[in-house]
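Novice: Quick one: the structure is below, and I'll ask about it shortly.
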Amino acid sequence: MTRRQARPTTRITHEDVAKYRLFYEIYPDLRWQPEDSSADWFEVALHAEMEEYQPPDHQKSREAVSVLMDVAKVLIQQVHSRGPRSIELSRAYFTLHPHASGDFTQTTLSRTLSIVFSNIGSYTLLREPSILTELKNQLNHLNVSRFQRSVETLCR
């Protein structure tokens, strides 16, 4: 590849991941569903934890969304390289996340982007699509950790 033909690189760095405390969730989370549950889609919700609420047009909020977009681009490029899939990217929105222990007094606010991947084949508790495995490996490579919910959090 010549310099002009080189793939575009994203600006995502490990420092960005740490600065914005990035994490992700996968939906549907079949770990909490009956064994025979299945889906032909999944969602990767990317989150950037915020110290406090900042309006969407505030510089800190825009920077967090920019880092999320960079991560989303990496994931979307990886899926596109595997052939045609249906991909939908949401606009940025705010989410609240309780502490993993289920302590709702430690709820944190995040800026969030969701990417929905469809037409992926059957997704079950026992058989994860290879593309989802690859995306999780890519997120791990970027040091973006998966949000772990406790059973107590789900039952409240």
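The values are calculated or read from the model by the stated rules, or taken from the named source; none is laboratory data. Quantities reported herein were computed from a predicted structural model and do not represent experimental measurements. Every residue, glycine among them, receives a Cβ derived from its backbone with ideal geometry; neighbour counts consider all protein chains shown. The protein model used for the area step is the full one, side chains on, heavy atoms only, and it has no ligands, DNA or RNA in it. Shrake-Rupley method; radii C 1.70, N 1.55, O 1.52, S 1.80 Å.
Novice: Quick one: which residue in Val65, Val17, Val44 is open to solvent by less than 20 Å² (accessible area, probe 1.4 Å) and in contact with a strand residue (DSSP E or B) (Cβ under 7 Å, 6 or more places away or on another chain)?
Specialist: Numbers: Val65 fails: open to solvent by less than 20 Å² (accessible area, probe 1.4 Å); Val17 fails: in contact with a strand residue (DSSP E or B) (Cβ under 7 Å, 6 or more places away or on another chain).
Exactly one of Val65, Val17, Val44 is open to solvent by less than 20 Å² (accessible area, probe 1.4 Å) and in contact with a strand residue (DSSP E or B) (Cβ under 7 Å, 6 or more places away or on another chain), namely Val44.
Novice: How many residues, within the range 108-117, are more than 11 Å from the chain's Cα centre (by Cα) and either closer than 16 Å to Leu30 by Cα or among the β-branched types (Val, Ile, Thr) (or both)?
Specialist: 2
Novice: Within the range 121-150, how many residues are touching a helix residue (DSSP H, G or I) at 6+ places or on another chain (Cβ under 7 Å) and open to solvent by 60 Å² or more (accessible area, probe 1.4 Å)?
Specialist: Matching residues across the range 121-150 total 2.
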